[in-house]
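K.L.:
Pasting a structure below so you can have a look.
The values are calculated or read from the model by the stated rules, or taken from the named source; none is laboratory data. Every value quoted in this text rests on a predicted model; they were computed, and no experiment measured them. All Cβ positions, even for glycine, are placed from backbone atoms using ideal geometry, and neighbour counts span all protein chains on display. The accessibility values were calculated without ligands, DNA or RNA, using every heavy atom of the protein model including side chains. Shrake-Rupley method; radii C 1.70, N 1.55, O 1.52, S 1.80 Å.
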Amino acid sequence: MVRLVSSEGAATRDRDEEAADVVSEKLRKYRKRKNTWTRRLWKYRLLLGLAGAALITLVYVRARPNSRAEAGGAQPLRKSSQPVLDEAEPVQVHRLSSLRGGGGDRKQMSGATAGGGEAGEIAAISYEVHGKVQGVFFRKHTKRVADSLGVVGWVMNTKQGTVTGEAQGAPEQVAAMENWLGTEGSPKSVIQRLEVSKRRTLPAPSFSSFSIRK
């Protein structure tokens, strides 16, 4: 009788221990899954935080495209509707100080250039633009303006960080192109000065269109 009770008690303990092991194993797996999901949740939160910070930085940078240029002391030019030309020198340098000067001088120079040519002649200039003119779609906008004015020639970047090229067309069209190069440029550009050289008159244009050179 005593042996029967003992064997039943041992069997009960074995069943209880087995049940406890099963419960313990299930609890361990639950905790493991919980820890896994907790780590994933924190990972997703971190990624969302980094994405939000990157988006805020991008919006801030786009809101202040000229912040670096302002910190370096460069100032954008005022836009003018009159061409800025100078025929007195073989190489004309349009600096910030001269462009911000009186409007009478600019009117005299534009009138001398636009009215000094004969009908049917082709005006040609070589130019170089200094300032923040690379990496701001300056060449693309130059071609767009040249095509709209009917000016032919080319434009390209230089190793010195400038943009150079040649423009040919009717005198008033070339004057308008020169004014745009020296005072406006692409929206994100900062023009410091425009150098114009080899101002000449041609019997016919040397190019059939305006191109971007690499």
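K.L.:
For the range 143-185, build the charge dipole from Cβ charges (+1 Lys, Arg; -1 Asp, Glu) around the Cα centre, then report which of Gly161, Asn179, Val151 sits farthest towards its positive end.
P.N.:
Value computed over the given set: Gly161.
K.L.:
Continuing with this model, one more query. Put Ser209, Ser148 in order of accessible area, largest first, 1.4 Å probe: what do you get?
P.N.:
From most exposed to least exposed: Ser148, Ser209.
K.L.:
Ok, one more. Starting from the alpha-carbon convex hull of the range 131-188, give the projected area averaged over all orientations, in nm².
P.N.:
Hull-based average projected area comes out at 3.6 nm².
K.L.:
When only alpha-carbon atoms count, how far does the range 175-214 stretch along each of its three principal axes, as whole angstroms with the largest first?
P.N.:
Each principal axis gives a Cα extent; for the range 175-214 these are 35, 22, 18 Å.
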